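These notes concern the structure reproduced below.
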Amino acid sequence: MSALAEKHKAINLSQGFPDFPVDPKLIDCVVKAMREGFNQYAPMPGWQPLREKLSVKHHSDYAVRYNPETEITITPGATQALQSVFASTIRPNDEVVLFAPAYDSYAPMIKACGGKIVWVELSPSDFSVPHQKLTEAVSSKTRLIVLNNPHNPSGAVWKKEDVLLLEALQQKFGFFVLADEVYEKICFLPKGFESLTKSEILRPSLFLVYSFGKTFHATGWKLGYVLAPENLMKELRSYFQYAVFSVNTPMQKGIADYLDSVDLNEVAKMYMEKQQFFENEMKKTKLRPLPTYGSYFQLYDYSEIRNDIGDVEMAEWLTISAGVATIPVSVFYPNPPTHMRYLRFCFAKKNENLSRAALALAEL
């Protein structure tokens with residue numbers, strides 16, 4: 001869709017990347033680190049001061065402390081963190097439970113590790129966790145359950161009753177859990193984001209994945225990290241050491257310095273303002289929003305404009321006819337549903353671009 005947007009000079013609300021600048025203070029911190037000579041290999045687990053600050057951050061956010069020496073590893077992006085978790089846990093023919101729609105990197109990585117995917121479709125109306133379907137999908141063969149919270153593409157967030165069910169199933173079957181929480185700082189619930197790390201039952205079997213790119217709107221930097229108990233992290237690092245070994249040193253040093261002067265809670269506030277601005281602008285159109293509780297995505301139902309075509313065709317038609325690029329939601333499913341009439345919009349864009357997009361869509 002980004003290629004199609006480029007070809008037709010469309011406003012790109014498809015791919016999930018911000019089009020506004022990174023904080024100049026963060027740029028200055030990284031440049032300063034380069035000029036001060038922090039340009040050689042960092043330690044394999046990551047720059048020690050950065051891991052120490054992440055330990056403090058996590059404790060401040062969720063009242064859970066991870067040991068920076070043995071339980072935190074910096075990775076070249078959250079996607080590589082996911083790969084390291086899969087490679088260190090999945091054995092040939094292990095079953096891995098995935099929720100559809102799913103971020104598109106999960107399934108290929110799991111298959112590459114020899115895993116067998118058991119799909120559980122989220123409720124098509126609100127993308128909530130279907131308890132009966134999840135219960136039926138889990139068995140003694142389940143090695144790992146992967147969840148994305150807040151969820152891409154829907155913006156849904158796990159509820160307390162969902163976590164309670166996951167805890168009961170984990171106690172019964174003993175599987176690992178991978179919580180992809182890259183949008184933790186982009187959550188719009190009044191109480192804030194509730195990480196799975198707060199579950200004492202799940203924590204001993206839990207991997208947590210995060211992204212500096214998402215939090216600092218610097219997706220091209222590809223820098224993330226993973227948290228896990230020491231015994232699990234030891235296994236992950238045994239793979240990571242040879243697959244990656246070390247991550248960009250000056251960026252780690254720069255981020256560590258930057259964390260001293262930034263309030264990460266401002267990230268959610270900024271994105272909430274953008275989401276509300278975009279939703280208000282979109283009232284001029286015939287597209288109808290679905291609620292979003294996190295991430296920088298929102299789904300819109302286009303059936304009042306055209307109900308005669310599927311979402312892939314609709315996304316292409318909008319790009320060419322209206323000059324606005326989006327993502328069809330059906331492509332996040334293993335078997336794309338033909339009834340799907342939702343498109344995913346990325347609102348991590350400049351307000352003028354959001355306004356221009358809404359105005360173009362209003363003319364349909």
* **Single residue of region 53-68 satisfying the filter (in contact (Cβ under 8 Å) with a residue 24 or more places away in the chain and in contact with a helix residue (DSSP H, G or I) (Cβ under 8 Å, 6 or more places away or on another chain)) that is surrounded by the fewest Cβ atoms within 10 Å (Cβ to Cβ)** => Ala63
* Ala348 fails exactly one of the following numbered conditions: (1) closer than 15 Å to Phe278 by Cβ; (2) in a loop (DSSP other than H, G, I, E, B); (3) touching a strand residue (DSSP E or B) at 6+ places or on another chain (Cβ under 8 Å). What is the number of that condition? -> (3)
* Those residues that are within 23 Å of Asp61 (Cα to Cα) and of a type in the set (A, V, I, L, M, F, W, C), I need them from region 252-296; list them, please. => Ile255, Ala256, Leu259, Val262, Leu264, Val267, Ala268, Met270, Met272
* Asked: Quick one: is Ser140 assigned by TED's automatic domain parsing to the domain that holds Ser84, touching a residue at least 60 places away in the same chain (Cβ under 8 Å), hydroxyl-bearing (Ser, Thr, Tyr) and in contact with a helix residue (DSSP H, G or I) (Cβ under 8 Å, 6 or more places away or on another chain)?
  -> no
* So Ala5 clears everything in (1) in contact with a strand residue (DSSP E or B) (Cβ under 6 Å, 6 or more places away or on another chain); (2) closer than 19 Å to Arg203 by Cα; (3) outside any loop (DSSP other than H, G, I, E, B) except one condition, right? Which one? -> (2)
* To do: Could you please find all residues in region 85-99 being in contact with a helix residue (DSSP H, G or I) (Cβ under 7 Å, 6 or more places away or on another chain) and crowded, with 20+ Cβ neighbours inside 10 Å?
  => Val85, Phe86, Ser88, Ile90, Val96, Val97, Leu98
* List pairs: first in region 7-23 and at negative phi, second of a type in the set (D, E, K, R) and surrounded by fewer than 21 Cβ atoms within 10 Å (Cβ to Cβ), Cβ under 8 Å, 6+ apart or cross-chain? -> Ile11/Arg356; Asn12/Glu6; Asn12/Asp19; Asp19/Lys350; Phe20/Lys350
* Do any helices (runs of 4 or more DSSP H) lying entirely in region 240-330 carry at least 2 residues that are surrounded by fewer than 22 Cβ atoms within 10 Å (Cβ to Cβ) and free of Cβ contacts under 8 Å to residues at least 24 places away in the same chain, and which ones are they? -> 265-281, 311-321
* **Test for Leu13: is it over 30 Å from Thr142 (Cα atoms), crowded, with 21+ Cβ neighbours inside 10 Å and modelled with pLDDT of 95 or more** => yes
* Would you check if Ala362 is crowded, with 16+ Cβ neighbours inside 10 Å and over 23 Å from Ser125 (Cβ atoms)? => no
* Asked: What do you reckon, is Ser154 among the small types (Gly, Ala, Ser) and either modelled with pLDDT under 95 or surrounded by fewer than 22 Cβ atoms within 10 Å (Cβ to Cβ) (or both)?
  -> no
* Can you find even one residue in region 194-215 that is at positive phi and under 20 Å from the mean Cα position of the chain (by Cα)? -> no
* Asked: So which residues in region 182-204 are in a helix (DSSP H, G or I), of a type outside the set (A, V, I, L, M, F, W, C) and surrounded by 19 or more Cβ atoms within 10 Å (Cβ to Cβ)?
  -> Thr197
* Structure fact -> Within region 27-52, of all residues that are of a type in the set (S, T, N, Q) and in a loop (DSSP other than H, G, I, E, B), the one surrounded by the fewest Cβ atoms within 10 Å (Cβ to Cβ) is Gln40
* Does Leu82 qualify as being under 26 Å from Leu223 (Cβ atoms), in contact (Cβ under 8 Å) with a residue 60 or more places away in the chain and surrounded by 20 or more Cβ atoms within 10 Å (Cβ to Cβ)? -> yes
* Structure fact -> Conditions (1) over 25 Å from the mean Cα position of the chain (by Cα); (2) within 30 Å of Arg344 (Cα to Cα); (3) of a type outside the set (S, T, N, Q) -> Met1 fails only (1)
* Asked: Across region 19-52, what is the number of residues that are under 25 Å from the mean Cα position of the chain (by Cα), among the basic types (Lys, Arg) and more than 18 Å from Arg237 (Cα to Cα)?
  -> 1
* Give me a count of the residues in region 277-323 that are on the phi > 0 side of the Ramachandran plot and of a type in the set (Ser, Thr, Tyr). => 1
* Please find, within region 219-239, the residue that is surrounded by the fewest Cβ atoms within 10 Å (Cβ to Cβ) out of those that are under 20 Å from the mean Cα position of the chain (by Cα) and small (Gly, Ala, Ser). => Gly220
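The values are calculated or read from the model by the stated rules, or taken from the named source; none is laboratory data. Quantities reported herein were computed from a predicted structural model and do not represent experimental measurements. For neighbour counting, all protein chains shown are included, and Cβ atoms are generated from backbone atoms with ideal geometry for every residue, glycine included.
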